[in-house]
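The values are calculated or read from the model by the stated rules, or taken from the named source; none is laboratory data. If you're wondering where the values come from, they're calculated on a predicted model, not measured in any experiment. Please note: Cβ atoms are built from the backbone with ideal geometry, for glycine as well, and neighbour counts cover all protein chains shown. Protein only, heavy atoms only, side chains kept; ligands, DNA and RNA dropped before computing areas. Shrake-Rupley method; radii C 1.70, N 1.55, O 1.52, S 1.80 Å.
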Amino acid sequence: MLCAAFMLGACATTTDIGARAPDAAPLAVKVIGINDFHGHLLSPGVFGANLRVPPALRPRVGGAAYLAAHVAALVADHPWHVVVGAGDLVSASPMVSALFHDEPAVEALNRIGLEFSSVGNHEFDRGLAELLRLQRGGCLAQDGRTHPTSCRGAEVGTPVPFEGAKFQWLGANVVAEASGRPVLPAYGVKIFDGIPVAFIGMTLEATAASVAPDGVAGLVFRDEADTANALVPALRAQGIEAIVLLIHQGGAQASGPADINGCDGGLAGSALAEIVARLDDAIDLVVSGHTHAAYNCSASTIDATVAVDGTMPHRTRPGGLPNAVGRPVPVTSASAYGRVVSDIDLRIDRRTRDVVAVAAINRLVVHDDAHAAAVAESPVARLVAGYEALARPLTARVVGRIPRELPNKADAAGNMPAGELVADAYLAATAPAERGGAQLAFTNPGGVRSPGFTWRASGAEREGEVTFGEAFTVQPFRNSLVTMSLSAAQLRDMLEQQFAGCRGQDRSRILVPSRGVRYGWKADAACGERIRDLWIAGPSGAPAEQVVDPSGRLLDPARSFRVTVNSFLAAGGNNFRVLAAGTDRLVGRTDIDALIDHFGREPAGAAPSAATAPRIRRLD
């Protein structure tokens with residue numbers, strides 16, 4: 001047994017699967033990596049291996065059943081293998097999983113064969129107690145009884161009570177504030193042919209800024225590199241030389257969402273690259289996530305030739321991101337939603353027990369004939385079909401229409417079509433005096449989930465129709481709406497707090513405003529001087545009021561406004577700390593209820609017109 005408790009926390013260990021006499025050939029171990037699954041039991045649509053592949057030729061990908069089939073095919077000829085994750089497996093999920101508290105996602109991942117995963121920020125959305133329930137099993141309670149949408153396994157063929165995760169969530173840098181000890185195992189160990197491999201798991205240090213404060217109450221998130229490095233001596237003392245880091249932190253390629261096997265720019269400037277640059281040389285591989293980007297900074301790179309179907313021949317070269325001694329460490333990320341898997345081969349020296357070679361390739365989880373047979377009668381397919389049937393009466397209900405595609409992608413200024421519809425719904429729900437008297441509303445961009453509102457037909461849904469399931473996918477958090485009073489000075493401070501390095505903000509996040517709000521911002525101005533020419537529409541058709549003039553001067557600092565945000569932001573989430581100081585608070589309906597009501601009020605087009613002037617202008 002190689003698992004031991006020590007001052008930084010305990011580990012989780014799998015069963016020893018055998019030991020053989022050392023031999024000259026290195027041990028081959030297959031590692032399959034996923035990240036940011038977010039309960040996507042069904043396919044999220046099409047996806048390309050490279051931007052050179054025309055959209056019409058990009059294959060359909062993902063879905064838990066196809067993910068299971070691809071994983072099974074990859075490990076079929078590799079007796080020494082492990083399936084690992086890099087966090088955000090649950091929460092912010094489509095309705096077929098979220099309606100059942102992400103129990104379906106956990107049950108599916110159990111059957112896919114996941115063994116270890118780091119926690120991500122979204123694992124804490126509903127608090128530590130709920131995360132531990134998902135880990136250990138059992139039914140969610142409501143008013144002393146089982147919640148009506150928990151423990152529905154009898155209807156889909158899974159155990160009752162809910163079985164809990166058969167894989168282990170890891171959180172080396174997540175510690176209880178009171179005791180200073182990890183609340184989850186810091187690492188896991190699996191033994192391959194007598195050789196142990198450790199998997200350290202952790203989330204980003206900034207998790208507290210990405211989760212509603214009550215979800216992380218009493219928890220501290222420590223520095224990622226310091227935490228990983230501190231574990232190395234204890235692992236080596238147990239005879240462990242092969243070490244993999246599973247980290248919910250990431251980067252992006254300089255060229256944007258380019259080739260899934262590219263590493264353009266070396267993720268320069270990203271939080272992940274900075275962490276890797278401080279890692280102990282004992283850490284052999286980094287499996288990452290969080291940014292939903294695909295990249296492969298390793299010994300695999302693509303050839304210039306791309307086949308029409310998106311497949312790519314490969315050549316190899318030394319690669320990776322430099323660690324603390326300058327050695328290149330392989331770093332991978334598999335996009336999000338089960339669209340991609342990272343197929344990683346380790347070679348381990350049997351004498352030294354250390355990793356001597358790593359080769360990785362990101363592979364699309366395509367819906368093809370080679371995997372269709374495995375999908376047709378698989379336990380995962382049956383599980384997904386069962387939950388889909390349970391959810392269908394609600395998810396398929398048409399709640400409204402949109403006049404055009406409304407994606408959740410923002411332009412250079414921060415205008416986001418899907419976010420504008422959501423912010424307008426917040427405002428409409430809380431504008432009546434008895435519901436808060438809101439004059440304006442904002443939503444955080446991360447709270448408006450992908451892909452936004454699609455106009456094209458899908459299944460029984462006709463062009464332009466929005467179903468409850470689609471609306472829920474965009475607004476899955478079920479946050480309450482909070483209307484508060486802010487002074488003009490506080491409102492301006494909130495907008496200034498959108499930019500990295502300003503008033504405690506760790507990275508730029510442009511809030512999406514409701515109709516009636518318009519302003520400009522200058523990226524090259526100093527903190528506190530970026531917001532210009534802010535106007536807010538008056539009530540009931542009254543003239544708009546200027547709050548900040550074109551020079552950046554605040555006209556009436558004490559002027560009070562009623563502002564609505566979701567409960568995540570209202571508590572200071574995403575480092576918008578000024579919102580925690582808002583007064584005269586009124587808590588209203590949930591975000592999804594407000595959105596459905598908004599569609600009901602304006603069924604033929606709740607979205608802003610495409611011809612409407614942008615609400616946010618970038619002035620540089």
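Details
- Centroid-to-centroid, using Cα positions, segment 126-151 and segment 535-579 are 38 Å apart.
- Ligands, DNA and RNA left out, the 1.4 Å accessible surface of segment 484-591 is 52% carbon and sulfur atoms.
- Using the Stokes-Einstein relation with a Kirkwood hydrodynamic radius computed over Cα pairs, the translational diffusion coefficient of segment 469-533 at 37 °C and a viscosity of 0.692 mPa s comes to 237 µm²/s.
- Contact order, relative form, for the chain: 15 percent (alpha carbon pairs under 8 Å, 6 or more residues apart, mean separation divided by residue count).
- Karplus-derived HN-Hα couplings along segment 286-294 (A = 6.51, B = -1.76, C = 1.60, θ = phi - 60°), whole Hz, x at Gly and Pro: 10, 10, 10, x, 5, 8, 6, 8, 9
- Rounded to the nearest 10 degrees, the inclination of helix 379-395 to the longest alpha-carbon principal axis of the chain is 10 degrees.
- Span from the segment 250-291 Cα centroid across to the segment 401-424 one, whole angstrom: 29 Å
- Cα pair distances in segment 314-437, grouped into 10 Å bins until the bin that holds the longest one, percent each: 9, 17, 22, 23, 17, 9, 2, 0
- Within the shell of other residues whose beta carbon sits under 15 angstrom from the beta carbon of L267, the net charge comes to -2, with Lys and Arg scored +1 and Asp and Glu -1.
- Relative to its Kirkwood radius, the Cα radius of gyration of segment 412-462 gives an Rg/Rh of 1.10.
- Each label point was placed 7 Å from the Cα along the Cα-to-Cβ direction; for D620 and R589 their separation is 4.1 nm.
- Once the Cα atoms are used to define both axes, helix 103-112 deviates from the longest principal axis of the chain by about 30 degrees.
- Across the options G437, Q498, L569, the greatest Cα extent toward the positive end of the charge dipole of the chain (unit charges at beta carbon of Lys, Arg, Asp, Glu) belongs to G437.
- Charge tally around T332: other residues with Cβ under 15 Å, Lys/Arg +1 each, Asp/Glu -1 each, net -3.
- Taking Cα centre as origin and charging only the Cβ of basic (Lys, Arg, +1) and acidic (Asp, Glu, -1) residues, the dipole magnitude of segment 47-198 rounds to 260 debye.
- For segment 395-434, backbone nitrogen atoms closer than 14 Å to the point 7 Å from E463 Cα along Cα-to-C-beta are found at 402-405.
- Theoretical ellipticity at 222 nm over the chain - DSSP helices of four or more residues, -39500 (n - 2.57) apiece, nearest 500: -6000 deg cm²/dmol
- Viscosity 1.567 mPa s, 4 °C: Kirkwood-radius Stokes-Einstein D of segment 409-495 over Cα pairs, µm²/s: 88 µm²/s
- A 1.4 Å probe run over the chain, with the rest of the protein chains in place, finds 38 Å² accessible per residue.
- Computed accessible area, W455, all protein chains, 1.4 angstrom probe, square angstrom: 90 Å²
- Qualifying trypsin sites (Lys or Arg not before Pro) in segment 362-423, DSSP loop, other Cβ atoms within 10 Å at most 16: R397, R404, K409
- If both residues of a DSSP beta bridge must be in the chain, then about 70% of such bridges are antiparallel.
- Radius of gyration and maximum dimension Dmax of the chain, Cα, Å: 24.6, 84
- Magnitude of the charge dipole, the chain, Cβ model with Lys/Arg +1 and Asp/Glu -1, debye to 20: 620 debye
- When each of the peptides 199-209, 584-594 is scored by the mean number of other C-beta atoms lying within 10 Å of its residues, the order from highest to lowest reads 199-209, 584-594.
- With K and R counted +1 and D and E -1, the other residues having a Cβ less than 15 Å from that of A412 yield a net charge of +4.
- Carbon plus sulfur fraction of accessible area for segment 354-483, probe 1.4 Å, in percent: 55 percent
- Nearest-20 debye value, segment 467-620 charge dipole, Cβ charges on Lys, Arg, Asp, Glu: 140 debye
- Taking the charge dipole of segment 323-392 about its Cα centre, with +1 at Lys and Arg Cβ atoms and -1 at Asp and Glu Cβ atoms, the residue from A376, V356, V340 reaching farthest to the positive side is V356.
- C151 accessible area, 1.4 Å probe, all protein chains in place, Å² to nearest 10: 20 Å²
- Segment 39-104 and segment 171-225 have Cα centres lying 24 Å from one another.
- The C-alpha atoms of the chain define a longest principal axis, and helix 64-75 lies at about 30 degrees to it.
- By the rule of a C-alpha distance below 24 Å, with chain neighbours fewer than 8 residues away ignored, the lysines paired with K190 are K30, K166.
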